[in-house]
Amino acid sequence: MSEKILVIGANGQIGTELVTALRGIHGAENVIASDINSPNYAIRNSGPFEFANVLDKDNLHHLFDKHRPTQVYLLAAILSAVGEQKPKMAWDLNMTGLLHVLDFAVEFKTSKIFWPSSIAVFGPHSPQYNTPQYCVMDPNTVYGFSKLAGERWCEYYYVKYGVDVRSLRYPGLIGWRANPGGGTTDYAVHIFHEALKKGKYQGFLSAQTALPMMYMDDAIRATINLMDAPAENLSIRSSYNLAGISFTPEQLAEEIKKHIPDFEMSYADSDPRQAIADSWPKSIDDTQAQQDWGWQLDYDLAKITGDMLTNLKKII
Ligand code: SER
């Protein structure tokens with residue numbers, strides 16, 4: 001059976017790359033991109049697009065009814081840093097949007113739903129190193145506890161209504177095709193742009209702040225692998241830990257210097273995002289993803305850095 005795929009929040013950092021990948025696999029006409037904003041160039045020119053506001057239940061219902069998607073990827077969200085500036089809006093968008101999609105998945109018998117979670121579901125009392133799948137979780141950002149609550153809803157809809165929901169706790173994501181949208185890990189993308197444009201960058205996290213990160217190619221592959229995995233192999237219906245690789249701003253700057261020897265890195269004296277980063281894990285244990293659906297990372301720090309610089313150079 002051919003798939004009909006709806007990607008909601010297609011203009012964002014993940015959506016831009018995921019739509020391109022899915023159109024390559026399933027055919028452009030079978031992947032409907034949607035977003036609250038006008039589509040970006042790559043999406044507009046490569047297949048169908050619909051405007052969608054996940055908070056507008058009637059509009060979303062119409063989209064499900066019109067396209068009868070077999071798979072839905074719900075990527076519309078407010079991330080950690082912006083969420084702290086607009087806490088109620090972040091909660092509303094991140095929760096209500098998910099509940100609308102889960103309800104329509106029941107009504108329209110959508111075969112599979114993908115919803116992204118995050119390392120932000122962990123908090124200051126979670127183990128900081130090799131954070132396991134199951135542990136104390138006391139997130140203290142609105143983004144983090146909206147993702148944790150969302151994970152519980154995903155599992156609930158799987159158990160109660162049989163919705164085949166799949167989810168990953170993404171680390172910070174690094175890619176060159178699209179910009180990140182207001183998170184705490186955004187520095188790890190901005191640094192590459194500034195290194196190429198200005199030869200220097202002032203980071204907003206301290207030199208020694210280690211965080212789990214992942215290259216977008218790995219993140220897209222993980223997403224598609226998880227969605228392709230046989231349902232009976234999946235033991236987790238909340239969200240899978242995904243480790244990526246952990247590094248500090250200083251380590252990233254050193255890696256960039258191997259390509260741009262004059263690159264100058266400096267660090268802001270204070271920034272509200274530091275407290276968010278300090279509450280998150282420094283590294284993650286993703287044994288369950290490896291066991292259940294064969295997950296394996298490809299890009300290490302050197303490979304990410306080389307690929308980012310090579311590709312960004314062509315478009316900056
Ligand atoms: N990258 C996200 C953020 O920084 C975490 O999921 O908000």
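The values are calculated or read from the model by the stated rules, or taken from the named source; none is laboratory data. Small disclaimer: the values here were computed from a predicted structure and weren't measured. FYI the Cβ positions are ideal-geometry reconstructions off the backbone, even for glycines, and counts take in every protein chain you see. Please note that ligands, DNA and RNA were not included when accessible areas were found on the heavy atoms of the full protein model with its side chains. Shrake-Rupley method; radii C 1.70, N 1.55, O 1.52, S 1.80 Å.
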Query raised in the report: In the range 105-119, how many residues are under 23 Å from Ile236 (Cβ atoms), assigned to a helix (DSSP H, G or I) and either among the aromatic types (Phe, Trp, Tyr) or without any contact (Cβ under 8 Å) to a residue 60 or more places away in the chain (or both)?
Result: 1
Report task. Being of a type outside the set (A, V, I, L, M) and open to solvent by 50 Å² or more (accessible area, probe 1.4 Å) is the filter; apply it to the range 27-45 and report the residue that is modelled with the lowest pLDDT. Result -> Tyr41
Query raised in the report: Taking the range 146-166 as the search range and keeping residues that are part of a loop (DSSP other than H, G, I, E, B) and not β-branched (Val, Ile, Thr), which one is nearest to the ligand (Cβ to nearest atom)?
Result: Asp164
Requested in this report: Kindly indicate the residue of the range 41-92 that is out of contact with any strand residue (DSSP E or B) (no Cβ under 7 Å at 6 or more places or on another chain) and of a type in the set (Gly, Ala, Ser) and also nearest to Thr223 (Cα to Cα) among those meeting that condition.
Outcome: Ala77
Query raised in the report: If you check Lys88, Lys109, Lys57, Lys66, which single one turns out to be within 25 Å of Ala277 (Cβ to Cβ), of a type outside the set (Ser, Thr, Tyr) and at pLDDT 95 or above?
Result: Lys88
Report task. Please indicate, with yes or no, whether at least one residue in the range 217-240 is touching a residue at least 24 places away in the same chain (Cβ under 8 Å) and in contact with a Pro (Cβ under 6 Å, 6 or more places away or on another chain). Result -> no
Report task. Return the residue satisfying two criteria in turn: it lies in the range 63-101 and is open to solvent by 20 Å² or more (accessible area, probe 1.4 Å) and in contact with a Gly (Cβ under 6 Å, 6 or more places away or on another chain), and of such residues it is farthest from the ligand (Cβ to nearest atom). Result -> Ala76
Query - Of all residues in the range 129-145 being out of contact with any Gly (no Cβ under 9 Å at 6 or more places or on another chain) and either under 16 Å from Ile78 (Cα atoms) or away from the ligand (no atom under 16 Å from the Cβ) (or both), the one that is most open to solvent (accessible area, probe 1.4 Å) - result: Tyr134
Report summary line: Residues of the range 105-128 being over 12 Å from Leu74 (Cα atoms) and crowded, with 18+ Cβ neighbours inside 10 Å, in sequence order, are Thr110, Ser118, Ile119, Ala120, Val121, Phe122, Gly123, Ser126
Query raised in the report: Out of curiosity, is Arg237 within 18 Å of the chain's Cα centre (by Cα), farther than 19 Å from Gln13 by Cβ and of a type in the set (D, E, K, R)?
Result: yes
